[in-house]
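This report refers to the structure that appears directly beneath it.
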Amino acid sequence: EDKVVQSPLSLVVHEGDTVTLNCSYEVTNFRSLLWYKQEKKAPTFLFMLTSSGIEKKSGRLSSILDKKELSSILNITATQTGDSAIYLCAVAGYGGSQGNLIFGKGTKLSVKP
Amino acid sequence: DVKVTQSSRYLVKRTGEKVFLECVQDMDHENMFWYRQDPGLGLRLIYFSYDVKMKEKGDIPEGYSVSREKKERFSLILESASTNQTSMYLCASSLYPAGGSEQFFGPGTRLTVL
């Protein structure tokens with residue numbers, strides 16, 4: 001059965017800290033891994049990682065895909081209170097259902113001033 | 001900017017009522033999705049559609065149906081609402097099928113069934 005496990009489930013840090021969020025997965029015929037940020041509303045897209053694009057960076061956020069270890073990390077440097085959110089990881093595989101984007105339960109990040 | 005809108009942000013219904021949740025996207029996307037999000041369970045796929053009048057069951061379709069009469073609109077229907085359908089409902093759309101491109105989410109509808 002396809003599944004996505006995120007760790008930790010929650011995390012509290014202070015402004016300026018660097019954090020690493022983890023996502024491990026099991027999926028048949030891996031296609032892509034996506035990261036989303038969810039504040040008190042809809043999830044917003046951060047990154048999509050594939051076999052041909054295993055590393056992405058945008059400002060203070062970066063993500064790496066490790067296909068050997070079936071995992072990904074999301075790094076946030078110099079955290080700010082605005083980074084407080086739930087971070088979701090999702091994985092899709094080729095074949096099977098076209099709607100199968102499997103989400104993890106999320107990591108709740110709280111950044112204290 | 002891609003925009004996905006949902007008809008209501010908050011909705012309160014009684015057990016047994018028929019409930020319609022509407023979702024509209026303005027980017028001419030082929031693919032549309034309905035999820036529910038519950039604490040401790042994450043996002044779970046209810047139904048999705050990859051074309052007008054086409055629909056596929058997701059992981060938890062029981063108690064729900066959908067309708068896609070026009071490309072931009074995807075409706076979720078609760079035929080007879082029950083208290084265990086109290087949840088946050090999120091609609092999403094994407095250019096390609098799941099995993100081929102990002103999914104854009106609507107703001108969500110928080111449904112309470114009394």
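The values are calculated or read from the model by the stated rules, or taken from the named source; none is laboratory data. A quick note: this is a predicted structure, and the numbers were derived from the prediction, not measured. Reconstructed Cβ throughout: ideal geometry from the backbone, glycine too, with neighbour counts over all protein chains shown. What goes into the accessible areas is simple: the full protein's heavy atoms, side chains included, and nothing from ligands, DNA or RNA. Shrake-Rupley method; radii C 1.70, N 1.55, O 1.52, S 1.80 Å.
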Problem set entry | Flag if A:T50 is open to solvent by 10 Å² or more (accessible area, probe 1.4 Å), within 11 Å of another protein chain (Cβ to nearest Cβ) and either of a type in the set (S, T, Y) or on the phi > 0 side of the Ramachandran plot (or both) | yes
For this session: Determine whether B:Y50 is under 19 Å from A:Y94 (Cα atoms), at pLDDT below 95 and surrounded by 18 or more Cβ atoms within 10 Å (Cβ to Cβ).
Result: yes
For this session: Look through B:K3, B:K70, B:K13, B:K57 and report the one residue that is within 10 Å of chain A (Cβ to nearest Cβ) and either more than 11 Å from the chain's Cα centre (by Cα) or at positive phi (or both).
Result: B:K57
For this session: Answer with yes or no whether A:A85 is out of contact with any Pro (no Cβ under 9 Å at 6 or more places or on another chain) and either hydrophobic (A, V, I, L, M, F, W, C) or loosely packed, with under 14 Cβ neighbours inside 10 Å (or both).
Result: yes
Problem set entry | Residue list for region B:1-22, filter: open to solvent by less than 30 Å² (accessible area, probe 1.4 Å), over 21 Å from A:I102 (Cα atoms) and of a type in the set (A, V, I, L, M, F, W, C) | B:V19, B:L21
For this session: Working carefully through the options A:S58, A:S63, find the one that is among the polar types (S, T, N, Q), within 14 Å of the chain's Cα centre (by Cα) and over 23 Å from B:P97 (Cα atoms).
Result: A:S58
For this session: Would you check if there is a residue in region B:88-111 being within 24 Å of A:G93 (Cα to Cα), among the aliphatic types (A, V, I, L, M) and open to solvent by 10 Å² or more (accessible area, probe 1.4 Å)?
Result: yes
Exercise. Pick from region A:14-47 the residues that are more than 14 Å from every other protein chain (Cβ to nearest Cβ) and touching a helix residue (DSSP H, G or I) at 6+ places or on another chain (Cβ under 9 Å): which of them is nearest to B:P97 (Cα to Cα)?
Worked result: A:V19
For this session: Report yes if A:K3 is open to solvent by 40 Å² or more (accessible area, probe 1.4 Å), among the basic types (K, R), modelled with pLDDT of 95 or more and at negative phi, otherwise no.
Result: no
